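Right, one structure below, let's go through it.
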Amino acid sequence: MLTFSAGAVNAWGFLSLGGVFTSVVTANSALLGVGLGGADPALGALAAVAVLCYVLGAAGAGWAAGRAQRGGRLRPADFLLLELVLLWAVVAWWLTVGGDPSGGERTAMLGTLAAAMGCQNAGVRVAMGAQVPTAYLTGLLTGAVTDAVTARRVQWRAPVTMALLILGAAAATLLERLLPGAAPLLPALLVTAAWLTGRVRTGSRRAS
């Protein structure tokens, strides 16, 4: 659910909020360089906003997930609460402006979504002990290819993760074309479902 939602967020953000990604820091860093080089300063500025907000979101969720691991009151899946607040804020904002935000509002929405993706990646890494990223694939794909070549071992999670991200992006793109007002709802609903699933599983383990 998280990987599918990440694909949806990246696709919708790219199509509707300025042409940069919400979680692909490598690509956004390159676009920042393009802006600094003078080719497209506006695009570079948007990329800088996305990178900065991603870092802030990762820091917030990393702190929350770390607190849960150290025995705080938060449950392991509760790092998703911060991401949920950000995603639903964008949904409400988008609906309030009728799907036609101003330039400044688009930038703010992009930053909010980038922070949400930072929350997701950092939280999954810290709280769930998962080394499989949910919102970027370069490292995962590189590891899978090198393992296949050197150790002759196929990491099936790599193609599955890639397929989920692609399908999420395709779903958001179709919604953007057919029901533009509903496109930002898709990732928010998926992350909500993931959070509820995490809480139920945690409660079941504690009961056992």
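Taking residues in the range 1-28 that are over 12 Å from Tyr54 (Cβ atoms), and partners anywhere that are open to solvent by less than 20 Å² (accessible area, probe 1.4 Å) and aromatic (Phe, Trp, Tyr), the pairs with Cβ atoms closer than 9 Å and at least 6 places apart or on different chains are Ser16/Trp94. Thr96 satisfies every condition listed in (1) in contact with a Phe, Trp or Tyr (Cβ under 8 Å, 6 or more places away or on another chain); (2) loosely packed, with under 15 Cβ neighbours inside 10 Å; (3) among the β-branched types (Val, Ile, Thr) except (1).
I'm trying to understand the selection: among the residues of the range 177-201, which are in contact (Cβ under 8 Å) with a residue 40 or more places away in the chain and not in a helix (DSSP H, G or I)? Residues satisfying the conditions are Ala183, Pro184.
Per-residue answers, yes or no, for (1) at pLDDT 95 or above; (2) over 16 Å from the mean Cα position of the chain (by Cα); (3) on the phi < 0 side of the Ramachandran plot:
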| site | (1), (2), (3) |
| --- | --- |
| Met162 | no, no, yes |
| Ala170 | yes, no, yes |
| Pro180 | no, yes, yes |
| Ala188 | yes, no, yes |
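If only residues of the range 8-26 that are in contact with a Ser or Thr (Cβ under 8 Å, 6 or more places away or on another chain) and polar (S, T, N, Q) are counted, the one that is surrounded by the fewest Cβ atoms within 10 Å (Cβ to Cβ) is Thr26. Scanning the range 117-175 for residues that are surrounded by 15 or more Cβ atoms within 10 Å (Cβ to Cβ) and β-branched (Val, Ile, Thr) yields a total of 7.
Working carefully through the options Ser5, Ser29, find the one that is open to solvent by 50 Å² or more (accessible area, probe 1.4 Å), assigned to a helix (DSSP H, G or I) and hydroxyl-bearing (Ser, Thr, Tyr). When all the criteria are applied, what remains is Ser29.
Among the residues that make up the range 44-53, is at least one of them surrounded by 15 or more Cβ atoms within 10 Å (Cβ to Cβ) and outside any helix (DSSP H, G or I)? Checked the range 44-53: no residue is surrounded by 15 or more Cβ atoms within 10 Å (Cβ to Cβ) and outside any helix (DSSP H, G or I).
The values are calculated or read from the model by the stated rules, or taken from the named source; none is laboratory data. Bear in mind that the values here come from a model prediction, so they are computed numbers and not experimental data. Using ideal geometry, Cβ is built from the backbone for each residue, glycine included, and neighbour counts are taken over all protein chains shown. These accessible areas exclude ligands, DNA and RNA; they are computed on the full protein's heavy atoms, side chains included. Shrake-Rupley method; radii C 1.70, N 1.55, O 1.52, S 1.80 Å.
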